[in-house]
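Right, one structure below, let's go through it.
Read the figures in this text as sums done on the coordinates, not as results from a lab. Just so it is clear, the model here is predicted, and its values are computed rather than measured. Positions of Cβ are generated from backbone atoms using ideal geometry, with glycine treated the same way; all protein chains shown enter the neighbour counts.
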Amino acid sequence: MSPLVLLTYYCLLISAASIAGGMIPGWVRLTHQRMEVAVSFVAGVMLGVGMLHMLPHAIEEGVVGLSGPEVGLSAHTIMLWVLAGMLVMFFVERFFCFHHHDVESDAQDNSCHGHDNNHGHDHNHRESHDHGHDITWGGAAIGLTLHSVFAGVALAASVAHGHGELPLAGLGTFLVIILHKPFDSMTISMLMARGGWPRGWRHLVNGLFSLTIPLGVLLVQFGIGQATSHVSSNAGQSNSLLAIALAFSAGIFLCIALSDLLPELQFHHHDRVKLSVALLLGLSLAYVAGRFEELAHHHMPANQDATHMSSKAD
């Protein structure tokens, strides 16, 4: 299966999940506990994919997979791009305050954190966060759009890395996005509903938002994809671009996962066991997805594997 066909299938499924996520608040009544457990699980998957899939693949493409040090990237450079991804997402979250996954009943507090004011501390939570700014659906939409475009870049880079080796290249990244995307759509829909926007407008914005992942994919296809189609003399350049995209994406995923997980340490003492189990299950799923990709590679037909090895040698 060509990478373009695989990416098309991935994007269609992700878009459908995104649209469904925006409609969930109208279908079922969500609870704070269920939402937090689900967020912990997805954050675990994202953390695992970023650290166990993307970062090793970036090192492989940039350092290990090249014929000589003069055309490769150092491990230090790879980590600088990971840090760049973390900082970009950190500042997107800081200035757009978009990463808000909570149920509508808990969202009435207009602070960025969306938690109850009293958490058993010696001070009032609202007073300790006077610097927080109100969440608006427009600001959330801008931040989540940037986040989704970066996720599309991550998906396309993961597929480009595994193409020719894995029948389901980029499976781990796909799982992260399809699990996380509904939460983002839900955030925009709930904020629009709170702002009094009619259902039709909410569905329209939700539909447009579902197209942001394909946009990120197209950016890579016309960037790294064009570089990898050049002659073998440009192989070092194309591998370096792919390594940068994977390292940057690893930093993005790491920042998003930690922004979901770290608040649990301060604000969710009441569900520590459930949230910890959900996190470990998410990490386990990320690990299993990686092992599944390796298993699929080992069971490739001999002629297909030989063809791929020949193309690598060229």
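Based on the mean of other Cβ atoms within 10 Å per residue, sort peptides 14-22, 76-84, 250-258 so the most packed one is first.
By packing density, highest mean first, the sequence is 250-258, 14-22, 76-84.
Hey, can you grab everything whose amide H is under 5 Å from the amide H of residue 73? Only 5+ residues off in sequence or another chain; H modelled, so Pro and N-termini drop out.
Distant-sequence amide H within range of residue 73: 63.
In whole Hz and in residue order, list the ³J(HN,Hα) couplings for region 43-53 that follow from phi through the Karplus curve 6.51 cos²θ - 1.76 cosθ + 1.60, θ = phi - 60°; x for Gly and Pro.
Rounded to whole hertz, the list is 4, x, 4, 5, 4, x, 5, x, 8, 9, 10.
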